[in-house]
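No value in this document is a laboratory result; all are computed from the given coordinates. Owing to the predicted nature of the structure, the values given are computational and were not obtained by experimental measurement. Note that each Cβ is placed from the backbone with ideal geometry, even for glycine, and that neighbours are counted across all protein chains shown.
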Amino acid sequence: MWIQLDQDVLEKLAVLASGAKMSQAANRIRHSISQGKQDLIKQYREAARDRFGEEGVCEIDDDAAVSTGDDAGAYVMTWRWIESPSTSRTMDETCAAGAKGND
């Protein structure tokens, strides 16, 4: 489950974590609210939208969750349209057809 928190809430959580002797959590929260981090997250969303976005097929929200790590790259949450299981097309065929135009 992903919860996207705005900057104000994150700042309050950082203060609470500091007061509760949870310095590691406080540092992680502070890291996530830095302006540079926010700019990078926005760039990942835009890159995902440019590379994979297609209305009605694969959509990326303006506030989509983005998970960054130590490696270069990130996971960006997307909405992927899945046809009704009652159709004759299999899930594998649907996913393969959507991926062909985005290589």
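For a quick protection proxy, order the peptides 73-84, 38-49 by their average other-Cβ count within 10 Å, most packed first. The partial results should precede the final answer.
Numbers: 73-84: 12.8, 38-49: 15.4.
Top of the packing list down: 38-49, 73-84.
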Requested in this report: Figure the gain on full extension for Val9 and Glu59 (residue separation times 0.36 nm, minus the Cα-Cα span) and round it to one decimal in nm.
Outcome: 15.4 nm
Query raised in the report: ³J(HN,Hα) across the range 48-56 via Karplus (A = 6.51, B = -1.76, C = 1.60, θ = phi - 60°), whole Hz, x for Gly/Pro?
Result: 5, 5, 5, 7, 10, x, 8, 3, x
Report summary line: Along the range 59-75, Karplus-curve 3J(HN,Hα) (6.51, -1.76, 1.60; θ = phi - 60°) to the nearest Hz, with x for Gly and Pro, reads 10, 10, 5, 5, 10, 4, 5, 10, 10, 9, x, 7, 7, 6, x, 7, 8
